[in-house]
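The next block holds one structure in the form of structure tokens; read it before the comments.
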Amino acid sequence: MAGYSIIRDINDTPAKQIPISSLAVAVGDLLELIAGATAWTANATASDCFNRKAIAMEAVTTSATSVLAIELDGSETVRVDSNATASTDHNGDLMDATDENTVNNDGTTVSDQSCVFMQEGIGPGTKEIIGHVLVGNGVDPDVS
């Protein structure tokens, strides 16, 4: 399966319908809710670590108004596909999203708010990594 998948969830969070608008979603896509928005959108390279995040549990077309997803609180251990070969040398690195189902594992840590994932290990596939999605309450800590 491409994209994100939860390996361990100590809270056993149930999936729920979350609102979307004109968005095609695949199983495993990482979605985010930006402060002030009413509909969730696909996580993208321009994401922020403090946005609320969810993993899609079903595929829907652009005509759907909601999608079944599990909202993350940051405690979940997650597997995700990366754009480069996984390496334990990258454990602890913060990573940007490449798109809604891949992270940019380029071997350097991201030092700004655009990071969405922290690697803690490697998965069974050559381009699979294990770690935590970075989530928040949607409030930009730099807003004054």
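The values are calculated or read from the model by the stated rules, or taken from the named source; none is laboratory data. Computed from a predicted structure; not experimentally measured. No Cβ is skipped: glycine too gets one built from the backbone with ideal geometry, and neighbour counts run over all protein chains shown.
Evaluate the range 116-134: report whether one residue or more is closer than 19 Å to TRP40 by Cβ and in contact with a Phe, Trp or Tyr (Cβ under 8 Å, 6 or more places away or on another chain).
From the range 116-134, those closer than 19 Å to TRP40 by Cβ are 116-117, 133-134; that's our starting set.
Imposing the further condition that a residue be in contact with a Phe, Trp or Tyr (Cβ under 8 Å, 6 or more places away or on another chain) reduces the set to 133-134.
Yes, that holds for at least one residue.
If I filter the range 115-126 down to residues being under 27 Å from ALA24 (Cβ atoms) and surrounded by 16 or more Cβ atoms within 10 Å (Cβ to Cβ), which single residue comes out as farthest from the chain's Cα centre (by Cα)? Give the derivation first.
As a first pass, look at the range 115-126 and keep what is under 27 Å from ALA24 (Cβ atoms): 115-117, 123, 125.
Retained after the next criterion (residues that are surrounded by 16 or more Cβ atoms within 10 Å (Cβ to Cβ)): 115-117, 123.
Values: CYS115: 10, VAL116: 6, PHE117: 7, GLY123: 16 Å.
The qualifying residue farthest from the chain's Cα centre (by Cα) is GLY123.
Filter the range 79-103 down to the residues that are of a type in the set (Gly, Ala, Ser) and outside any loop (DSSP other than H, G, I, E, B), then identify the one that is farthest from SER5 (Cα to Cα). Show your work before the answer.
The first filter runs over the range 79-103 and keeps only residues of a type in the set (Gly, Ala, Ser), leaving 82, 84, 86-87, 92, 97.
Cutting the leftovers down to outside any loop (DSSP other than H, G, I, E, B) gives us 82, 97.
Working: SER82: 13, ALA97: 15 Å.
Looking at the filtered set, the residue picked out is ALA97.
One line per residue, one yes/no per condition, for (1) touching a residue at least 40 places away in the same chain (Cβ under 8 Å); (2) assigned by TED's automatic domain parsing to the domain that holds ASP9:
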{"residue": "SER63", "(1), (2)": "no, yes"}
{"residue": "SER82", "(1), (2)": "yes, no"}
{"residue": "THR108", "(1), (2)": "no, no"}
{"residue": "ASP112", "(1), (2)": "no, no"}
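Within the range 74-103, count every residue that is surrounded by fewer than 19 Cβ atoms within 10 Å (Cβ to Cβ) and over 11 Å from the mean Cα position of the chain (by Cα).
Number of matching residues: 10.
Given the criteria farther than 16 Å from SER47 by Cα, at pLDDT below 90 and either acidic (Asp, Glu) or in the same structural domain as LEU23 (by TED's automatic domain parsing) (or both), does ASP142 qualify?
On the way: farther than 16 Å from SER47 by Cα: no; at pLDDT below 90: yes; either acidic (Asp, Glu) or in the same structural domain as LEU23 (by TED's automatic domain parsing) (or both): yes.
It is false that ASP142 is farther than 16 Å from SER47 by Cα, at pLDDT below 90 and either acidic (Asp, Glu) or in the same structural domain as LEU23 (by TED's automatic domain parsing) (or both).
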